[in-house]
Amino acid sequence: MWLTTTVAKTIGPVGTITIANKEIAPDGFKRPASLIDGAHPGPIITAQKGDRVKINVINELSDPNQMLGTTIHWHGMFQKETNFMDGTAGVTQCPIAPNNSFQYDFQVSGAGTFWYHSHFGVQYCDGVRGAFIVYDPSDPLKSLYDVDDESTIITLSEWYHLLAVDVTAIELADSTLINGKGRYPSGDNTELAVVNVQRGKRLRLISISCDPNFTFSVDGHNLTVIEVEGIAVTPETVNSIRIYAGQRYSVVLDASQPIDNYWIRALPDSGHENLSSTFENGVNSAILRYGGAGKQEPTSMQQAQITPLIEANLHPSSAIEVPGEADPDGADKTFNFTFGYDPDTSLFSVNNVVYNPPAVPVLLQILSGAKNAHDLLPKGSVYTVERNKTVQINLPSGLIGGPHPFHLHGHNFHVVRSADTGEFDFDNPVVRDTVNAGNTEGDYVAIRFRTDNPGPWIFHCHIDFHMKNGLAVVFAEAHDDIAAANPDPPGLSSGLLILVLAHPTPSEEWDQLCPIWDSEPNSVKHAGTSTPA
């Protein structure tokens, strides 16, 4: 089969995206999906460091078997002074209702490799996700590579042959998609993604997965890690990278091998049939093609010697001071979380509480006058933290269904104790926004951040089915300062409309999202769920 590839559509920093339902067959199996501009992944959104991003999101979802509301979260964007643009249903906004739109408007923070996705239920697992790249015209890493453009972006995801909303417990994926293309073990040899190279490239590797982690490699090639989730790191050369849901890396691939085709491999840790243990017939694979090579599938072999990426070996290239004292108990506030799982209900818990998104977003509750943790919904899942304090979160390893990748909104953090290291690093540990909590019982992972960004920020497992089933909490950060630190959201000057009962004219104003959504019938609000209409 002749294999071709095209660079995904690119928009930004100003543009419009439309979310609608469509049938697709990225691995040869046709099924309904929820897509951005008719494609999966969605368009690549790009910006330059310092840009103001304005993306209008139009909701044209119509399939009653799938979720009909939507939001967009900008994963890795801190949203300073724009907490209301974080895109988290139940925390910073209500969903955008069908036949309505909302414009996200915020300043990008820094530069690097990010992504965007729906943060409403498990909707992004059905296709509402894409890459978001912020370029730096004065990139200090430029001397390390020749090419860095949209052709260098590699997204990894799993794909299910049933709708994500129909997943009831632990579901196994049917295929792996690399840049939206893949094959499943018993399926046909469908088209695979191709990454074309001629010389050294900066590959931007993004896990847009909903569940599995992937072990990524390129036959016969080393990968030099130079960026982790927006932070430049001292170059670390490996040939195998285990990447968890929500994580990103920039790697330099030295394209100095003989002109040929080479397998790009992404082996998931789980899957139907023998998905997690095979590359037969191009499963879990894409193609690296040198200029001048023929258009055929590779015959390359995996490296015999594996040099894996170890998180504890990653260090910011310009040292970033760890907040607090250089001691395991050196933070102003330490949260020692406990995790639980109930096999009878398939629900997860944090400190014995199952997170369930409230009907009234936490931000609206705070702006309406609620301040103390015990006053905020969902009860037991909201933790108040003071401004300008050092917070440490200790995450126990070994929870069933892991390893669990945890993501913090509104911040990145210092990983002062990585999984499976057994020791702390207060010198210059990696700084990122999504961390692997580890799978070794009795171990734990510790992260630190500074509370310098007032607002409610969710902290959750990025295995989306686990977040849906309760594995999350919300930090209400500097609640007394939230209103002042986040100037009035669009439309809020007219007053909070959260209690308005009449259906207002469809609008792109933030303060109308809730009344519009609340006035929708249950058949819309609970579409794709088991909740009665």
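The values are calculated or read from the model by the stated rules, or taken from the named source; none is laboratory data. All figures in this text were calculated on a predicted structure; none of them were measured in a lab. Backbone-built Cβ (ideal geometry, glycine too); neighbour counts: all protein chains shown. Heads up: the accessible areas ignore ligands, DNA and RNA and are worked out on the full protein's heavy atoms, side chains in. Shrake-Rupley method; radii C 1.70, N 1.55, O 1.52, S 1.80 Å.
Just a few scattered comments:
- Whichever residue in region 22-58 is polar (S, T, N, Q) and open to solvent by less than 50 Å² (accessible area, probe 1.4 Å) and, among such residues, is nearest to Thr10 (Cα to Cα): Thr46
- Within region 356-367, being touching a residue at least 24 places away in the same chain (Cβ under 8 Å), surrounded by 19 or more Cβ atoms within 10 Å (Cβ to Cβ) and over 25 Å from Asp211 (Cα atoms) holds for Pro361, Val362, Leu363, Leu364, Ile366, Leu367.
- Restricting region 193-203 to residues that are part of a loop (DSSP other than H, G, I, E, B) and at pLDDT below 95, the residue that is surrounded by the most Cβ atoms within 10 Å (Cβ to Cβ): Gly200
- Residues (part of a loop (DSSP other than H, G, I, E, B) and either acidic (Asp, Glu) or surrounded by 21 or more Cβ atoms within 10 Å (Cβ to Cβ) (or both)) located in region 393-402: Leu399, Gly402
- In summary, Thr190 fulfils each of the numbered conditions (1) part of a loop (DSSP other than H, G, I, E, B); (2) closer than 30 Å to Phe106 by Cβ with the single exception of condition (2).
Yes or no, residue by residue, for (1) closer than 27 Å to Ile400 by Cα; (2) among the β-branched types (Val, Ile, Thr); (3) open to solvent by 30 Å² or more (accessible area, probe 1.4 Å):
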position: Ser277; (1), (2), (3): yes, no, yes
position: Gln302; (1), (2), (3): no, no, yes
position: Ile306; (1), (2), (3): no, yes, yes
position: Ala319; (1), (2), (3): no, no, yes
position: Tyr341; (1), (2), (3): yes, no, yes
position: Leu347; (1), (2), (3): yes, no, yes
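- Selection count, region 348-366, where residues are of a type in the set (Phe, Trp, Tyr) and touching a Ser or Thr at 6+ places or on another chain (Cβ under 8 Å): 1
- Among the residues listed as Ala33, Ala8, the single one being touching a helix residue (DSSP H, G or I) at 6+ places or on another chain (Cβ under 8 Å), closer than 25 Å to Tyr135 by Cβ and small (Gly, Ala, Ser): Ala8
- Listing of strands (runs of 3 or more DSSP E) fully contained in region 233-346 that carry 2 or more residues being over 20 Å from Thr421 (Cα atoms) and β-branched (Val, Ile, Thr): 248-253
- Residue that is nearest to Ile243 (Cα to Cα) [pool: residues in region 424-459 that are assigned to a strand (DSSP E or B) and open to solvent by 10 Å² or more (accessible area, probe 1.4 Å)]: Asn436
- Exactly one residue out of Ala419, Ala370 is part of a loop (DSSP other than H, G, I, E, B), open to solvent by 10 Å² or more (accessible area, probe 1.4 Å) and in contact with a strand residue (DSSP E or B) (Cβ under 6 Å, 6 or more places away or on another chain): that is Ala419.
- Scanning region 380-426 for residues being without any contact (Cβ under 8 Å) to a residue 24 or more places away in the chain and either within 22 Å of the chain's Cα centre (by Cα) or more than 20 Å from Cys461 (Cβ to Cβ) (or both) gives a total of 2.
- Candidates are the residues of region 125-145 that are charged (D, E, K, R) and within 19 Å of Gly230 (Cα to Cα); the one that is least open to solvent (accessible area, probe 1.4 Å) is Arg129.
- Taken over region 232-263, the criterion of being open to solvent by less than 30 Å² (accessible area, probe 1.4 Å), under 30 Å from Gly410 (Cα atoms) and of a type outside the set (Gly, Ala, Ser) is satisfied by Val233, Ile241, Ile243, Tyr244, Gln247, Arg248, Tyr249, Val251, Val252.
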